[in-house]
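Working notes, structure below.
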Amino acid sequence: MRKAGRHFLQIPGPTNVPDRILRAMDLPTMDHRSPEFAELGRKVLDGVKTVFKTKGPVVIYPASGTGAWEAALVNTLSPGDQVLMYETGHFATLWKGMATRLGLEAEFMQGDWRAGVDPNAIESRLREDRTQSIKAVCVVHNETSTGCASRIEEVRQAIDAAGHAALLMVDTISSLGSIDYRHDAWGVDVTVGGSQKGLMLPPGLSFNATSDKALAASKSATLPNSFWSW
């Protein structure tokens, strides 16, 4: 039985939502076809860019982070495409499983759950891919299951050092708003985010921050993406 008084969640997520956010939500439902909603939507889509430190478009979904994972993959890739993923913990493993179920050829680089991604290992593997068959590198910035963070800027440098054209996709569901993250400066192509952890918002919203390269890839991607389409 829950005791009287304020209840505080003490889990990685969802996190506790500040009172001022709860008060801001205590409003009547808005007509989603009204001019007021359109104005609010434009403000949100523009303002959320600062959270990701990007000047590019950010797509917002009424979905969990799992939905944003899927959106990142299906908008940029085609059946049978090779993706390079790195084992850093439970959520990296789940993302790899999703990629496989979607019909992608997911290569899972074995890692140590006590550390983040090894950029040198990424570079070495991409140098071996002389046919540029790997279409994306997918990594988790901060692995919720272990607390280990990866050096995303160095992962981008590794991809560039290998002279490889693979997209860089990053899961920031537990890091966005908690630790430094820079979508544009670090050369990320798709950033996956969620509302319920570092942003201290209720669950139910997720995000794809995009790059010009990712948007270009979406023009030729053929994985089904009706609901998730950018």
Pairs, please: C-beta under 7 Å, at least 6 apart or cross-chain, first residue over 29 Å from Glu143 (Cα atoms) and β-branched (Val, Ile, Thr) and in the stretch 1-18, second modelled with pLDDT under 80 and exposed (fewer than 10 other Cβ atoms within 10 Å of the Cβ)? none
Conditions (1) assigned to a helix (DSSP H, G or I); (2) modelled with pLDDT of 95 or more -> Ala24 fails only (2)
Consider Leu40 against the criteria (1) in contact with a strand residue (DSSP E or B) (Cβ under 7 Å, 6 or more places away or on another chain); (2) assigned to a helix (DSSP H, G or I): it satisfies all of them except one. Which criterion is unmet? (1)
Checking Pro12 against (1) within 27 Å of Ser178 (Cα to Cα); (2) in a helix (DSSP H, G or I), only one condition comes out false. Which one? (2)
Please tell me if Tyr61 is touching a helix residue (DSSP H, G or I) at 6+ places or on another chain (Cβ under 6 Å) and crowded, with 16+ Cβ neighbours inside 10 Å. yes
From the option list Gly111, Gly116, single residue qualifying as surrounded by 20 or more Cβ atoms within 10 Å (Cβ to Cβ) and in contact with a Cys (Cβ under 8 Å, 6 or more places away or on another chain) is Gly116
Please identify the pairs in which a residue from the stretch 94-110 that is closer than 12 Å to Leu223 by Cα has its Cβ atom under 6 Å from the Cβ atom of a residue that is in a strand (DSSP E or B), counting only partners at least 6 apart or on another chain. Ala99/Val83; Ala99/Ala106; Leu104/Val83
Here are the criteria: (1) over 17 Å from Val192 (Cβ atoms); (2) outside any loop (DSSP other than H, G, I, E, B); (3) aromatic (Phe, Trp, Tyr). Tell me which single one Trp113 does not satisfy. (2)
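To keep it simple, each residue is scored yes or no on (1) of a type in the set (Phe, Trp, Tyr); (2) in contact with a Pro (Cβ under 8 Å, 6 or more places away or on another chain).
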{"residue": "Ala158", "(1), (2)": "no, yes"}
{"residue": "Met169", "(1), (2)": "no, no"}
{"residue": "Ser175", "(1), (2)": "no, no"}
{"residue": "Lys197", "(1), (2)": "no, yes"}
{"residue": "Leu201", "(1), (2)": "no, no"}
{"residue": "Phe207", "(1), (2)": "yes, no"}
{"residue": "Asp212", "(1), (2)": "no, no"}
{"residue": "Asn225", "(1), (2)": "no, no"}
{"residue": "Trp228", "(1), (2)": "yes, no"}
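The values are calculated or read from the model by the stated rules, or taken from the named source; none is laboratory data. A quick note: this is a predicted structure, and the numbers were derived from the prediction, not measured. Here the Cβ is made from the backbone with ideal geometry for all residues, glycine too, and neighbour counts use every protein chain on show.
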